[in-house]
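**Student:** Let me begin by handing over the structure; questions about it come next.
The values are calculated or read from the model by the stated rules, or taken from the named source; none is laboratory data. Computed from a predicted structure; not experimentally measured. Using ideal geometry, Cβ is built from the backbone for each residue, glycine included, and neighbour counts are taken over all protein chains shown. Note: accessible area is taken over every heavy atom of the protein model, side chains too, but ligands, DNA and RNA are not part of it. Shrake-Rupley method; radii C 1.70, N 1.55, O 1.52, S 1.80 Å.
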Amino acid sequence: MNHYLYTQFYRNKAYIIALLFLFLAGLMAIYTGKKFLDRNEDIISRSGEFQKESIERNIKFHKDDLGLALYYIKFNLVNETPELAALNIGMRDLNPSIQGVTIRNLEEQRYNSDFYNPANAAVGNFDFSFVVVFLFPLVIVAFCYNLISEEEERGTWKLLSVQSGNLTKILDHKMLIRFLAITLIYTALIIISWVWLSIPLDRYYLAFIIIGLLYIIFWFALCRWIISFRKSSAQNALILLIVWVSINFIIPMGSNILIQKLYPVHESLKAVMQQREGYHNKWDEAKQPTMEKFYKVYPQYRKFTVQESDAFTWTWYYAMQHMGDLESMESSKQYAEKMKKRNQAAIYLGYLLPNLHTQLTGSQLAKTDINNHLQYASGLKKFHEGKRLFFYPLIFSGKNTESVNWKLQDIQTFRFSEQLKFLQLFLPYLVFIMLLIILSQIKYRKLC
């Protein structure tokens, strides 16, 4: 009987075509990820060259004016992109993996090209996670929706009942054959991506593999439960497709609208406007109040005095630039807090929707999620402050560009790592899988 079931499955050309389709889609997704990594590395490499050329050009034309040279020179901070990001690009297509900033005001530079809300990403790139989350379930549904109904519609169900003393075992064996076929494709794609993308076989990659496998098992468990009601093939297919559309589109879209209403985000634009107004207004105001606020933040620079009668000094200019950042600080903090709340709300929703949980945990493991973006923004702020505090004394002292060892001013990399909570990663899948197996087992007892 087992040999017959294997032969029946693999002689079905439609099943083989579906598996080939899944495999080719996976290869295309891996190729997309590879191109993403290559493009990302090329941008970082070119940025390094551009920073070096920019420094050389500006110190050549503004040799005696360090303040003017630093007005133009940008320093780049790279957000580390692991190879695993190729399998889940996440938000890295919206948020660049490298950003350059001058020592002038930071807030305007952070948002002057991006006014979107990073939580409003669409379905996403055609990466490997997209294939696993959206395409694998469709093939699983196509394989499993008629395991019982097909036998009943053909009139062979009673014959199986006579020949076999355990119909549940036969149905589970048919489902196991399909599970092994799907898992074989998944494993092949995982191995190909590991070799092709040179992904380190670390805990992040292993966790990524496991959540994908658990997601596949979830869909088989769901199909097992749905078909146990012994509906017709058309009804089973319709129910499973409705579930697929609901959990992938309708519920997430509705939840996203609700989250936007609960946590409206306008602070990024507000921060830019406050920052611009903050330092533009300083041109028409007295210099001393600005300097006193600056000295309060950085008392070590109080020795660099500015007279009200001074026409222009770089000390006052960079001080009022930083005051613009301080005046927009509250809006910037509110933006970060609301984005964290939005992300947390999505995580909670993911506990109820395995597809969303797979996307979120995959991007978390690949460091392409909102949390990584916010941590990088925080790292960029510290990076910017480090550059300012290094150059301020030189500028305020009237030093020229030769006072700086520019060879040390190369690109820096931001690295972010967080502790993996395996219980939070795997538990939602295990709960759903066990629940569906128990429910379907109750129904299966009635078949025997």
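**Student:** Where residues in the range 405-415 are part of a loop (DSSP other than H, G, I, E, B) and in contact (Cβ under 8 Å) with a residue 60 or more places away in the chain, which of them is least open to solvent (accessible area, probe 1.4 Å)?
**Tutor:** Top of the filtered list is Gln409.
**Student:** Pull out all pairs, ordered by first then second residue, where Cβ-Cβ is under 6 Å, the residues are six or more apart or on different chains, the first lies in the range 376-404 and is buried (at least 17 other Cβ atoms within 10 Å of the Cβ), and the second is part of a helix (DSSP H, G or I).
**Tutor:** As it stands, the answer is Phe391/Leu70; Ile395/Leu66; Ile395/Gly67; Ile395/Trp314; Phe396/Thr315; Thr401/Ile59; Thr401/Leu66; Thr401/Ala69, since those pairs meet every condition given.
**Student:** Which pairs turn up if I take residues in the range 274-302 that are over 23 Å from Ser332 (Cα atoms) and modelled with pLDDT of 80 or more and look for partners that are open to solvent by less than 70 Å² (accessible area, probe 1.4 Å) and among the charged types (D, E, K, R) with beta carbon separation below 9 Å, at least 6 apart in sequence or on another chain?
**Tutor:** Listed by first residue and then by second, the contacts come to Lys287/Asp310.
**Student:** Further, regarding this structure: Answer yes if at least one residue in the range 326-335 is surrounded by fewer than 20 Cβ atoms within 10 Å (Cβ to Cβ) and either touching a Phe, Trp or Tyr at 6+ places or on another chain (Cβ under 8 Å) or not in a helix (DSSP H, G or I) (or both), and no otherwise.
**Tutor:** No, that holds for no residue.
**Student:** Something else now. Take the range 369-404 and flag every residue that is part of a helix (DSSP H, G or I) and of a type in the set (Ser, Thr, Tyr).
**Tutor:** Scanning the range 369-404 gives Tyr376, Ser378, Tyr392, Thr401, Ser403.
**Student:** Of all residues being open to solvent by less than 90 Å² (accessible area, probe 1.4 Å) and not polar (S, T, N, Q) in the range 256-268, which is modelled with the highest pLDDT? Just the residue, please.
**Tutor:** Among them, the one singled out is Ile259.
**Student:** Counting residues that are within 27 Å of the chain's Cα centre (by Cα), surrounded by fewer than 18 Cβ atoms within 10 Å (Cβ to Cβ) and aromatic (Phe, Trp, Tyr), which helices (runs of 4 or more DSSP H) fully inside the range 1-110 reach at least 1?
**Tutor:** 13-61
**Student:** Let me ask something else about it. If you check Lys421 against the conditions, is it among the charged types (D, E, K, R), open to solvent by 40 Å² or more (accessible area, probe 1.4 Å) and out of contact with any helix residue (DSSP H, G or I) (no Cβ under 7 Å at 6 or more places or on another chain)?
**Tutor:** yes
**Student:** Go through the residues of the range 178-199 one by one and say whether even a single one is touching a helix residue (DSSP H, G or I) at 6+ places or on another chain (Cβ under 9 Å), at pLDDT 95 or above, of a type outside the set (Asp, Glu) and not in a helix (DSSP H, G or I).
**Tutor:** yes
**Student:** Of the conditions (1) over 14 Å from Gln412 (Cβ atoms); (2) touching a residue at least 12 places away in the same chain (Cβ under 8 Å), Ile44 fails just one. Which one is it?
**Tutor:** Looking at each condition in turn, Ile44 falls short on (1).
**Student:** Check Leu147, Leu135 and return the single one that is at pLDDT 65 or above, in a helix (DSSP H, G or I) and surrounded by fewer than 21 Cβ atoms within 10 Å (Cβ to Cβ).
**Tutor:** Leu135
**Student:** Taking the range 244-255, which residues are more than 10 Å from Leu356 (Cβ to Cβ) and either touching a helix residue (DSSP H, G or I) at 6+ places or on another chain (Cβ under 6 Å) or crowded, with 17+ Cβ neighbours inside 10 Å (or both)?
**Tutor:** Trp244, the sole residue that qualifies.
**Student:** Considering every residue within the range 179-186, establish whether at least one is aromatic (Phe, Trp, Tyr) and touching a Gly at 6+ places or on another chain (Cβ under 8 Å).
**Tutor:** Yes, the range 179-186 contains a residue that is aromatic (Phe, Trp, Tyr) and touching a Gly at 6+ places or on another chain (Cβ under 8 Å).
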